[in-house]
Amino acid sequence: MEANIEKVPAEYPPIQSIRVQFTKCENENGFTIASSNKDGTMKVQNNSIIISCDGFYLISLKGYFSQELSLSLQYRKGREPLFSLSKVRTVDFVTVAHLAFKDIVYLNVSTHSTTCEDIQVNGGELTLIHQNPGGFCA
């Protein structure tokens, strides 16, 4: 007995999401982030995650560092960061933030006693998941 399954058209586009890895630090660019296409629908451009849909995003940042550093997660030039940590060797941070079209999410890092290139990262991962699809998307 075969079932006749009709395809229901999607009411909304796919949920915007991305998971990127950061594994090395370069003095000029901070942490280099990389994503494979299978890890979401959002894009990485110039070491930043491009926001194309307005709304709330679940944001998770994890990592272990070989040396103390200061780390902030930025989203818009001239604005306070989404969060900022000083003199840490680990980060395990989760928050929800409202982001808008044309925002860019990126990591800003500074070191206290060494160059950025000397820092090794283990398990560096940044994840964003759009929480309320159906709003403005470009």
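The values are calculated or read from the model by the stated rules, or taken from the named source; none is laboratory data. None of the values given here were measured: they were computed from a predicted structure. In this analysis, Cβ positions are derived from the backbone assuming ideal geometry, glycine residues included, and neighbour counts consider all displayed protein chains.
Below, the figures for the structure above:
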item	result
Residues located in the stretch 45-71, provided they are of a type in the set (Val, Ile, Thr) and either closer than 19 Å to VAL91 by Cβ or surrounded by fewer than 19 Cβ atoms within 10 Å (Cβ to Cβ) (or both)	ILE49, ILE50, ILE59
Test result for ILE59, modelled with pLDDT of 85 or more and not polar (S, T, N, Q)	yes
Meets criteria (over 17 Å from CYS25 (Cβ atoms) and free of Cβ contacts under 8 Å to residues at least 40 places away in the same chain) for VAL94	yes
Some residue of the stretch 102-113 being part of a loop (DSSP other than H, G, I, E, B), touching a residue at least 60 places away in the same chain (Cβ under 8 Å) and not aliphatic (A, V, I, L, M)	no
Matching option when the condition is surrounded by 12 or more Cβ atoms within 10 Å (Cβ to Cβ) and over 11 Å from the mean Cα position of the chain (by Cα), among THR127, THR95	THR95
Within the stretch 13-84, strands (runs of 3 or more DSSP E) holding 2 or more residues that are of a type in the set (S, T, N, Q)	17-26, 55-74
Total residues in the stretch 19-68, condition among the aliphatic types (A, V, I, L, M) and touching a helix residue (DSSP H, G or I) at 6+ places or on another chain (Cβ under 9 Å)	1
Where LEU85 falls short, out of the listed (1) surrounded by 15 or more Cβ atoms within 10 Å (Cβ to Cβ); (2) within 15 Å of LEU107 (Cα to Cα); (3) at pLDDT below 90	(3)
Identity of the residue in the stretch 18-46, of a type outside the set (A, V, I, L, M, F, W, C) and touching an Asp or Glu at 6+ places or on another chain (Cβ under 9 Å), that ends up modelled with the lowest pLDDT	ASN27
Qualifying residue in the stretch 41-52 (condition: among the β-branched types (Val, Ile, Thr), in contact (Cβ under 8 Å) with a residue 40 or more places away in the chain, under 23 Å from GLN131 (Cα atoms) and out of contact with any Phe, Trp or Tyr (no Cβ under 8 Å at 6 or more places or on another chain))	yes
Some residue of the stretch 24-35 being of a type in the set (Val, Ile, Thr), surrounded by 15 or more Cβ atoms within 10 Å (Cβ to Cβ) and in contact with a Phe, Trp or Tyr (Cβ under 7 Å, 6 or more places away or on another chain)	yes
Verdict on ILE119 being surrounded by 14 or more Cβ atoms within 10 Å (Cβ to Cβ), without any contact (Cβ under 8 Å) to a residue 60 or more places away in the chain and of a type in the set (Val, Ile, Thr)	no
